[in-house]
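Right, one structure below, let's go through it.
The values are calculated or read from the model by the stated rules, or taken from the named source; none is laboratory data. Source: prediction; values computed, not measured. Cβ: placed from backbone, ideal geometry, glycine included. Neighbour counts: every protein chain shown.
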Amino acid sequence: MSVSEGSSDGHTLLGLNLPIYMNCPYCRDSDSKQDGVVFAGCVSQLQWIFLVTPPFPLVLASRAVVEFQAKAGMEFQSGSEVALPPDSFLSLRLPFVYYMDGQNGVRTPLFCNKENPERTAWLHKCSAIYVISGGGNALVRAG
């Protein structure tokens with residue numbers, strides 16, 4: 001999807017909370033189930049975002065924030081804002097496992113809701129990629 005000139009589907013996508021977990025459309029619609037094939041799971045997890053940054057003078061940044069519904073206010077952040085190099089192909093890697101520290105330092109993994117995975121956790125809108133500077137009529141920090 002393209003985010004060029006703020007008018008395409010990609011621009012709209014950046015302004016939404018993107019679900020981390022989704023029902024896998026292949027598993028749901030597959031005829032393989034009738035052949036006795038057993039799937040390990042039917043929930044997909046967002047782990048990679050691939051992007052191509054625009055040429056200079058438009059500069060994008062990222063500070064990915066993943067929020068979980070089950071624990072109010074529970075967020076996972078990438079630490080600090082990272083400026084993305086102009087005119088580059090990049091991949092943003094999200095964690096495979098999310099957890100919380102429990103009593104006695106025991107880590108408890110956070111699992112998705114199998115009934116409604118899209119409402120379990122999401123990449124907070126305008127946190128994965130946003131504009132920090134640009135030339136001419138460019139936007140200034142859309143997050």
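Assorted remarks:
- Failed item in (1) outside any strand (DSSP E or B); (2) modelled with pLDDT of 80 or more; (3) among the aliphatic types (A, V, I, L, M); (4) under 23 Å from Leu16 (Cβ atoms), with Val140 passing the rest: (2)
- Candidate set: segment 55-75, residues that are more than 26 Å from Ser133 (Cα to Cα) and part of a strand (DSSP E or B); chosen: the one modelled with the lowest pLDDT: Glu75
- For Arg93, the stated conditions hold: it is out of contact with any Ser or Thr (no Cβ under 7 Å at 6 or more places or on another chain), basic (Lys, Arg) and within 20 Å of Cys126 (Cα to Cα).
- Extreme residue, modelled with the highest pLDDT, among residues of segment 3-28 that are in a loop (DSSP other than H, G, I, E, B) and among the small types (Gly, Ala, Ser): Gly15
- Scope segment 58-97; condition within 12 Å of the chain's Cα centre (by Cα) and among the charged types (D, E, K, R); matching residues: Arg63, Glu67, Arg93
- Residue match in segment 29-52 (condition: under 15 Å from Val131 (Cα atoms) and modelled with pLDDT of 80 or more): yes
- Single match in Ser78, Ser62, Ser88, Ser127 (criterion: of a type in the set (S, T, N, Q) and surrounded by fewer than 16 Cβ atoms within 10 Å (Cβ to Cβ)): Ser88
- Extreme residue, farthest from Pro19 (Cα to Cα), among residues of segment 95-134 that are in a loop (DSSP other than H, G, I, E, B) and of a type in the set (Val, Ile, Thr): Val106
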